[in-house]
Amino acid sequence: MSDFEGLTALVTGGASGIGRATAGLLARRGAKVAVLDLDPSPVGDPLTGYAADVTDDASVRAAVAAAVHDLGGLDVLVNNAGIGAQGTVETNSDAEWHHVFDVNVFGMVRTARACLPHLRASAHAAIVNTCSIAATAGLPQRALYSATKGAVYSLTLAMAADHVREGIRVNCVNPGTVDTPWVGRLLDAADDPAAERAALEARQPTGRLVTADEVAAAVAHLASPLSAAITGTALAVDGGMQGL
Ligand code: NAD
């Protein structure tokens with residue numbers, strides 16, 4: 001499939017996990033792809049890496065400007081950089097609340113703000129935000145993380161409304177539990193990582209974790225010109241977690 005032939009894309013958090021799988025898939029489907037990450041060095045040809053911290057407005061603006069210059073424009077923004085947080089409203093500190101919101105929500109706002117002027121010049125402009133089933137699932141020990149993803153969900157719908165007349169589509173994917181380095185780190189921190197993984201898999205309706213490639217396929221679907229009539233939607237990629 002070459003539906004991204006002639007198009008350009010920027011993927012934040014594209015050096016690992018879901019972002020890395022997405023950047024690779026968009027490139028295989030014909031896009032010229034730039035990756036924005038804290039440390040983009042794992043990214044190799046044909047992807048180009050740009051170092052930036054999404055909590056730092058100046059670094060985001062500089063990386064977006066450099067990427068758009070090198071790509072020759074911008075058609076697709078995949079707003080994916082994010083971090084996890086465990087705890088309740090009593091156990092997470094104010095500093096943690098501010099920091100996780102700064103990365104997961106304001107990071108997407110800053111990146112979108114820097115990209116929108118370029119997306120307006122595209123005939124196939126699309127933004128895909130990486131949200132989570134946590135936005136609506138009511139998961140224990142995830143108050144802070146879930147609140148950030150609830151904000152990403154609302155942001156997606158509001159941005160879709162704001163920019164539809166400009167020809168810019170805005171959607172999000174809501175992954176379930178995805179087998180990425182992030183989940184690997186969580187499992188490694190458990191007393192018995194193998195038992196913890198087995199328990200996690202047993203909680204999935206499919207009996208296995210979602211793969212990063214499966215989320216990437218959903219992101220590509222929403223970003224593709226083939227989805228020109230789709231905006232303001234959330235696509236669950238959760239192996240049936242929410243529906244079953
Ligand atoms: P990951 O840790 O493998 O990758 C995240 C990437 O984001 C890393 O390369 C990291 O360097 C980058 N990043 C983090 N903070 C950044 C910052 N301040 N500036 C720039 N880049 C930064 O994680 P992943 O599992 O691939 O997660 C990607 C997205 O998917 C996140 O938004 C996460 O909330 C979401 N998500 C993940 C899961 C899951 O189960 N893994 C489920 C639902 C949603």
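Here are the numbers for this structure:
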{"quantity": "Enumeration of residues in segment 36-48 that are part of a strand (DSSP E or B) and near the ligand (Cβ under 6 Å from one of its atoms)", "calculated": "ASP37"}
{"quantity": "Selection count, segment 177-189, where residues are farther than 13 Å from GLY17 by Cβ and either away from the ligand (no atom under 15 Å from the Cβ) or not in a loop (DSSP other than H, G, I, E, B) (or both)", "calculated": "2"}
{"quantity": "Qualifying residue in segment 94-110 (condition: over 20 Å from GLY14 (Cα atoms) and in contact with a Gly (Cβ under 9 Å, 6 or more places away or on another chain))", "calculated": "yes"}
{"quantity": "Of the criteria (1) in contact (Cβ under 8 Å) with a residue 60 or more places away in the chain; (2) in contact with a strand residue (DSSP E or B) (Cβ under 6 Å, 6 or more places away or on another chain), which one MET159 fails", "calculated": "(1)"}
{"quantity": "Long-range neighbours under 6 Å by Cβ, at least six apart or interchain, first residue touching a residue at least 24 places away in the same chain (Cβ under 8 Å) within segment 189-208, second surrounded by 10 or more Cβ atoms within 10 Å (Cβ to Cβ)", "calculated": "GLN204/GLY239; PRO205/GLY239; PRO205/GLY240; THR206/GLY239; ARG208/GLU201"}
{"quantity": "Test: residue in segment 76-89 that is out of contact with any Leu (no Cβ under 6 Å at 6 or more places or on another chain) and part of a helix (DSSP H, G or I)", "calculated": "no"}
{"quantity": "Test result for ASN171, assigned to a helix (DSSP H, G or I) and either within 13 Å of the chain's Cα centre (by Cα) or buried (at least 16 other Cβ atoms within 10 Å of the Cβ) (or both)", "calculated": "no"}
{"quantity": "Selection count where residues are in contact with a strand residue (DSSP E or B) (Cβ under 6 Å, 6 or more places away or on another chain) and more than 15 Å from the ligand (Cβ to nearest atom), scope segment 7-25", "calculated": "2"}
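So that you can scan it fast, the table gives a plain yes or no per residue for (1) within 16 Å of the chain's Cα centre (by Cα); (2) assigned to a helix (DSSP H, G or I):
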{"residue": "SER2", "(1), (2)": "no, no"}
{"residue": "ILE18", "(1), (2)": "yes, yes"}
{"residue": "LEU25", "(1), (2)": "yes, yes"}
{"residue": "GLY30", "(1), (2)": "no, no"}
{"residue": "ALA34", "(1), (2)": "yes, no"}
{"residue": "TYR50", "(1), (2)": "no, no"}
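A quick yes/no check of all residues on (1) closer than 30 Å to THR206 by Cβ; (2) more than 12 Å from the ligand (Cβ to nearest atom):
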position: ASN92; (1), (2): no, yes
position: VAL109; (1), (2): no, yes
position: ALA121; (1), (2): no, yes
position: VAL128; (1), (2): yes, no
position: PRO140; (1), (2): yes, yes
position: LYS149; (1), (2): yes, no
position: MET159; (1), (2): no, yes
position: GLU166; (1), (2): no, yes
position: PRO175; (1), (2): yes, no
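Values quoted throughout were computed directly from the atomic coordinates according to the rules given, and no laboratory measurement underlies them. Every value quoted in this text rests on a predicted model; they were computed, and no experiment measured them. Please note: Cβ atoms are built from the backbone with ideal geometry, for glycine as well, and neighbour counts cover all protein chains shown.
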